[in-house]
Amino acid sequence: MIMKLKYIFLFSATLLVGTSCSDFLDKEPISDNVDGNFFTAENQLEPYCNNMYGLLPDHGTGTGTFGYFTTDNNSDDMTTVDQVDNFLPQRIQVPSTGSYDGFSNIRNCNLFLERTEENIKKGTLSLSDNVKHYIGEMYFFRAYAYFNLLKAYGDLPILTQVLNDGDYAANVEANKRKPRNEVARFILSDLDNASERMYSKSNSFTAHRLNRECALLFKSRVALYEATWEKYHAGTARVPGGPGWPGDAASFHTDMNKEIEFFLDEAIKSAKEVGLASSLSPDYASLYNQTDLSGQRDEVLLWRMYSEDAKVQNQVLGATHGYGSIEAGTNTYIFVHGDNTGFTRSLVDSYLMDNGLPIYAAGNYYQGDKSLGSTMSHRDPRLVSSVAKPGDKLITSNGKDIMYGYPGLIAASGIRVTSTGYIPRKGWVDNDVTYNSAYPLALPIFRAAEAYLNYIEAYYLRYNTLEDETLENFWTELRTRAGVDPDYKKTIAATDLTKEIDLARYSGSELVDATLYNIRRERRSELIAEGMRKDDLYRWRALDKMQNYWVEGMNYWDEFHTGFEAACTACKLDYTAPNEASVSKYLRPQGKNELVNKYNGYCFEQANYLSPLSYDVFRMSTPEEGGDVSTSVVYQNPGWPVKAGSFANQ
């Protein structure tokens, strides 16, 4: 049974959903080809559910990669040397196809739910507790797939039945978009159905499966996302009923302020239940450098298992051990592998000192950023453990400890460069796994710490106070585990928003208050490299101020460049920084990028808060088959034309 469970997290969802044959809402899942006796036994439901786990985060199997810990390259937390097209004007085009590809996952869920319900009614499937759990999992996966679409497109069709591809009129009707708040409510109802049916994490059945607490945590995530989207995007066409909203405004009479309160209440309730039933693991770094997280179930609600026996592993640990070694004379120079990424100055500077003060309020306790060592000294241990720096051991090779020398700003001896100098180290552990070698490093997928963060933010937004015992306990526990002074009120009092460089100090064009900013800071600090930052920036509407914005990395020009360039010269390496000191003393990874230079930095177009629907959605939703797209029952997202290949309206 143990080996069987290992495979749950190892196979891609494409085994189930990769066989779609069209670009409409009636995508055919492979399971349509099974005979009528399928979905009549528990052992048939299990593999169907197992395949859906491929939708969840995965380190992948790429060589020399930091895996899922590079997901935040799409945000202001991490960057490659290439541009993020979403952050530049007139780079994203209306695609010709593909927007609704995610509905293939939803159709798979609908098929499962339809067939199991039919068979239970007919008596051909027994409704055991295990069967209930599998049905709960499928409600969860439908919610998960819908949430991904909600974040991308906002208003969506709501589908609960499998469509017949031969009924064009029914498909057109089903393609009509519902207001995003209704979609979000539908997702929450699916998560209610999931939590009502799934076993708790305490049940051994869920040792490597979704559980009730996962559904509640995810519900708090969805509810908080929708509440804050509606709050901060209010007054725009991106919220139902707002000025210019392309939906049916005449028949939309929902009080959106009440909707915000509803979603905040749901986030509070769900997050509180998970948080109170959980506790934090004592060591933050150990959440990410283990092969087996079953001993940390108090916090880790679900994790992705890899297996050496099954030969499905990842190369994340080996990447943290990666280095290029060059001998020059009597010296050996070590350049650390960077996987073409790096954390940003904005992220690093947002972290507190371990005494709970911002860097600008810490006096001499903060040693400045002239070196990587001084930057990391006395800082929040979550940062220190997640970033490679002088004094760090990489690996033991031939009986000798290989220590951090220089960040791999240049591709020495086959390594991949770092874009910023701040190299990810999350997942590092002291063993002999070499660069480009596989290892079954586990990946946390859902952590109770997120429930703490969701509760704190939702409660403060709902009641405009921190005076709540649960909130106080959650925030104190997060900082205590991190190794930061737990007195968050001291941090708030010392915060000067004019000295912060975090985009999230804004929502729209307005500065948030110091308390809310520090709630956002805590979230950023806890979730470093966990793929959540882009969603946060979008829901907070924190990119309006991304105008002439340069992503920066380490302080290169004050002192570091002297020693680094001397090492490069000794090793006969030719390195040129992407920007001159006269431009900025900090590395600007896109400093030589023509597109970014054209606009003097990133300039975010607000149309990019939502993605454009692809042209095929309109082409296949005209009342008359083959009719003009102008008659489509579907509307395009705000700021976008319908024509394929077009850019956002200006």
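The values are calculated or read from the model by the stated rules, or taken from the named source; none is laboratory data. All values reported here derive from a predicted model rather than from experimental measurement. Reconstructed Cβ throughout: ideal geometry from the backbone, glycine too, with neighbour counts over all protein chains shown. Remember, those area values only see protein heavy atoms, side chains included, never the ligands or the DNA or RNA. Shrake-Rupley method; radii C 1.70, N 1.55, O 1.52, S 1.80 Å.
Of the numbered conditions (1) within 27 Å of the chain's Cα centre (by Cα); (2) open to solvent by 40 Å² or more (accessible area, probe 1.4 Å); (3) not β-branched (Val, Ile, Thr), ARG382 satisfies every one except a single condition; which is it? Here ARG382 clears every test but (2).
Scanning the range 430-438 turns up no residue that is farther than 21 Å from ALA529 by Cβ and open to solvent by less than 20 Å² (accessible area, probe 1.4 Å).
Considering only the range 67-104, how many residues are among the aromatic types (Phe, Trp, Tyr) and either open to solvent by 40 Å² or more (accessible area, probe 1.4 Å) or under 30 Å from VAL417 (Cβ atoms) (or both)?
3
In the range 555-584, the residues that are touching a residue at least 12 places away in the same chain (Cβ under 8 Å) and under 15 Å from TYR333 (Cβ atoms) form Cβ pairs under 7 Å with partners that are assigned to a helix (DSSP H, G or I) and open to solvent by less than 90 Å² (accessible area, probe 1.4 Å), at six or more places apart or across chains, as follows: CYS571/ALA412; LEU573/ALA412; TYR575/GLU565; TYR575/CYS568. Selection of helices (runs of 4 or more DSSP H) fully inside the range 1-93 by the criterion of at least 2 residues being of a type outside the set (A, V, I, L, M) and at pLDDT 50 or above returns 42-52. Among helices (runs of 4 or more DSSP H) entirely within the range 160-274, having at least 3 residues that are more than 30 Å from SER632 (Cα to Cα) and either open to solvent by less than 10 Å² (accessible area, probe 1.4 Å) or not hydrophobic (A, V, I, L, M, F, W, C) (or both) singles out 180-197, 212-232. Close contacts from the range 295-321, counting a first residue that is closer than 25 Å to GLY414 by Cβ and a second that is of a type in the set (Lys, Arg) and outside any strand (DSSP E or B), with Cβ to Cβ under 7 Å and a gap of 6+ residues or different chains, come to THR320/ARG425.
So which residues in the range 477-500 are among the hydrophobic types (A, V, I, L, M, F, W, C) and either open to solvent by less than 10 Å² (accessible area, probe 1.4 Å) or free of Cβ contacts under 8 Å to residues at least 60 places away in the same chain (or both)? Please lay out each step first, then the result.
Filtering the range 477-500 down to residues among the hydrophobic types (A, V, I, L, M, F, W, C) leaves 478, 482, 484, 492-494, 497.
Within the range 477-500, LEU478, ALA482, VAL484, ILE492, ALA493, LEU497 meet the criteria.
Quick one: count up the residues across the range 321-369 that are among the β-branched types (Val, Ile, Thr) and open to solvent by 40 Å² or more (accessible area, probe 1.4 Å). Total meeting the criteria: 2. Taken over the range 278-320, the criterion of being in a loop (DSSP other than H, G, I, E, B), over 21 Å from VAL484 (Cα atoms) and aromatic (Phe, Trp, Tyr) is satisfied by TYR306 alone. LEU503 meets each of the listed conditions (1) within 23 Å of ASN86 (Cα to Cα); (2) open to solvent by 10 Å² or more (accessible area, probe 1.4 Å); (3) aliphatic (A, V, I, L, M) apart from (2).
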